[in-house]
1. When the chain is fully extended, how far beyond the present Cα-Cα distance does S10 get from V112, taking 0.36 nm per residue of separation?
2. When a/c is below 1.5 the answer is rounded, else prolate if a/b is larger than b/c, else oblate, so apply that to the stretch 16-109 with a ≥ b ≥ c taken from the square roots of the Cα gyration tensor eigenvalues.
3. Hey, got the dipole for the stretch 12-159? About the Cα centre, +1 on K and R Cβ, -1 on D and E Cβ, debye to the nearest 20?
4. Top to bottom by accessible area (1.4 Å), largest first, where do E22, E11 land?
5. How would Y35, Y120 rank on accessible area, largest to smallest, probe 1.4 Å?
6. Compare R139, R122 by solvent-accessible area with a 1.4 Å probe and give them largest first, with all protein chains kept in place.
7. Rounded to the nearest 10 Å², what accessible area does M81 show when all protein chains are kept and the probe is 1.4 Å?
8. In whole percent, and with a 1.4 Å probe on the protein chains, what portion of the accessible area of the stretch 12-159 is carbon and sulfur?
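The values are calculated or read from the model by the stated rules, or taken from the named source; none is laboratory data. In this text, all values refer to a predicted model and were calculated from it rather than measured experimentally. Cβ placement follows ideal geometry from the backbone for every residue including glycine, while neighbour counts extend to all protein chains displayed. To get the accessible areas, we keep the full protein, side chains included, count just its heavy atoms, and leave off ligands, DNA and RNA. Shrake-Rupley method; radii C 1.70, N 1.55, O 1.52, S 1.80 Å.
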Amino acid sequence: MLPGNDTQISEFLLLGFSEEPELQPLIFVFFLSMYLITVFGNLLIILAVSSDSHLHTPMYFFLFNLSLVDICFTSTTVPKMLTSILTQNKVITYQGCIIQMYFFLLFAGLDVCLLTVMAYDRFVAICHPLHYMAIMNPRLCGLLVLVETPTIPWVHQALDVPGTHVRQTPKCAGGARPRVRQVLDARCEHVGEDASLSESQL
């Protein structure tokens, strides 16, 4: 059996943007304000679309869903980062990291799918304006949104759960990771190193 990395990782250290203590309040205020602007801006879109009957059209239906997904997408990483800056506790558990990465990739995939559906909606509106309402009927709009669910298997494949690559992520510099997304970089490097090991295990 080929030798492999059997280091057990229980937590990651999030290095953040800067180690300068005087910059921490500035970074916290900046990201908090951007997060609040993002959340409240999307909430205003949701309220506007749901309360105004004139906006109950396919385009605004997709925009409504995109705003929901955007709130969830930004909420997967930013609150943890703000908490880390505020409490100076930069440790995230392995389980917490995997959960965060799962939802980060899930909502990123949903974002891409919704933008693709919105592009198709605009294509129909421009190229077939006279048949637009007949083509983009409420049933089709609902089906197009439901089509996004195939992104969930893509998320599982990206994380390789319950595979071995993420679980065998090599431990470097005392488990330090500059932000959670480096887990994917480590996974990509590790896939190349252990491809023959995975084949031999099958």
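1. 33.5 nm
2. Here the stretch 16-109 falls in the oblate category.
3. Charge dipole of the stretch 12-159: 300 debye, to the nearest 20.
4. The most accessible residue leads, giving E22, E11.
5. So, going from the largest accessible area down, we get Y120, Y35.
6. Largest accessible area first, the residues go R139, R122.
7. The value for M81 is about 40 Å².
8. Result for the stretch 12-159: 77 percent of the exposed heavy-atom area is carbon or sulfur.
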